[in-house]
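Structure record follows, encoded as structure tokens.
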């Protein structure tokens, strides 16, 4: 269930063992940069230059915090009015990291805190993506985060009807996470990166999961 952290005045989704999904904070810049600089994550990431400049990492954190701000405001307003008076649809996601009880980022999860595109509005579909620090792989954290974010945010607050994810055909670890989270392979396709990121073409797989409808909101 979605909960509220009074110390940071922010929502979070608990995953157990001191691990939670939260919004980004400005003091996450260094850990964000370190995470995206890890070799395994850097090698598989198709959106960042290699190596990731620290200045770009800081800009990414600031930009994502800004895009998340309206959704946090909507959630604050929803808390103040009470769920019984009005049922809202929030058109985006304020969450972008998983952290442990010491505050260290261990994963950058799904979906990005951006407004739903017109395609997503019409089809009620959103893409997932994630990067897990090598220190925390193999613990089921990504699987728990997919379930927590979908069950406690994407369905009750965004009213999404399906989620999808793309992964490199050779990335079997990602395939396993997605299948355990209930997504199924629907097709394979060639993907070409922009020239500034290498311009290479590789085989990718699209995974999809249908979601149950929901009209309820719950926060504590």
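Taken together, the values in this text are just the output of simple stated rules run on the coordinates, not laboratory data. Note that this is a predicted model, so its numbers are computed, not measured. A quick note on method: Cβ atoms are made from the backbone with ideal geometry, for glycine too, and the neighbour counts reach across all protein chains shown.
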As a footprinting exposure proxy, order 20, 188 by other Cβ within 10 Å, with the fewest listed first. 188, 20
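Ranked by Cβ crowding within 10 angstrom, fewest neighbours first, how are 211, 128, 56 ordered? Show your work: numbers first, answer last.
Working: 211 19, 128 25, 56 14.
The fewest-first ordering by Cβ neighbours comes to 56, 211, 128.
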Cα long-axis angle, helix 54-81 against the chain (0 to 90 degrees, to the nearest 10): 20
Extension gain from residue 202 to residue 26, taking 0.36 nm per residue of separation minus the Cα-Cα distance: 59.9 nm
Test of understanding: what is the full-extension gain from residue 42 to residue 59, defined as 0.36 nm times their sequence separation minus their Cα-Cα distance? 4.4 nm
Mean Cβ count within 10 Å, highest first, over the residues of peptides 64-70, 28-34, 46-52: 28-34, 64-70, 46-52
Remind me, relative contact order of region 3-210 in percent, using alpha carbon pairs under 8 angstrom and six or more residues apart? 18
Can you give the extra length, in nm with one decimal, that the chain gains between residue 161 and residue 193 once fully stretched, where that is 0.36 nm per residue apart less the Cα-Cα distance? 8.6 nm
Run the helix sum for the chain: -39,500 (n - 2.57) per DSSP H stretch of 4+ residues, divided by residue count, reported at 222 nm to the nearest 500 deg cm²/dmol. -9500 deg cm²/dmol
So if the hydrodynamic radius of the chain is defined as the Kirkwood radius over C-alpha pairs, what does Stokes-Einstein give as its diffusion coefficient at 10 °C and 1.306 mPa s, in µm² per second? 88
